[in-house]
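Quick note: the coordinates plus some simple rules give every number you see, no bench work behind them. Computed from a predicted model, the values in this text were never measured in an experiment. Here the Cβ positions follow ideal geometry from the backbone for every residue, glycine too, while neighbour counts run over all protein chains shown.
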Amino acid sequence: MWNPPPPKNNYYAVIFSSTKSDDLEGYAEMDEITMKLAQEQEGFLGYESCANGNKSIFISYWQSMEAINVWRNNMIHIQAKSNAKQWYKRYLSQICKVESSHLFEK
């Protein structure tokens, strides 16, 4: 989850919204591996996610476009993406520049 306070400077959010398919063979294992690798990568800031049945939204936060591009070219990440048409009925990936952020917690 998003633990540290947002950076004072601009940062980036990668929004991945999806509907999973019925064929999730290998998905859980690959998800665990890629999450661990992403969290170890320089420039990774954190993530948030929510799910409702087979629909989910996953938002990862990154320090820079350079960090996103390093992740985009990670061989394990590329391998995971090669299974996207098996694991998803639909997905949308968007990269957004965050210029302002406000957090409220109780």
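A few remarks follow.
- Residues in the stretch 41-64 reached by a label modelled at D31 [backbone nitrogen below 15 Å; 7 Å Cα→Cβ]: 48-60
- Computed FRET value (nearest 0.05) for Q79 with S49, which takes r as the C-beta separation and R₀ as 25 Å: 0.75
- Tilt relative to the chain, helix 27-40 - C-alpha long axis, 0 to 90 degrees, to 10: 20
- The loop-placed GluC sites (Glu not before Pro) in the chain, going by DSSP, that have at most 15 neighbouring Cβ atoms within 10 Å of their Cβ come out as E25, E42, E99, E105.
- Mean projected area in nm² (Cα convex hull; one quarter of hull surface) for the stretch 11-98: 5.3
- Annotation for the stretch 25-62: chymotrypsin sites (Phe, Trp or Tyr not before Pro) lying in DSSP loop with at most 11 further Cβ atoms inside 10 Å of their Cβ do not exist.
- Neighbour-count ranking [beta-carbon atoms within 10 angstrom, fewest first] of I59, I78: I78, I59
- Extension gain (nm, one decimal) between E40 and S21, 0.36 nm per residue minus Cα-Cα: 4.0 nm
- Amide hydrogen neighbours beyond the local backbone of V98, cut-off 5 Å, H modeled: Y11, Y12, A13
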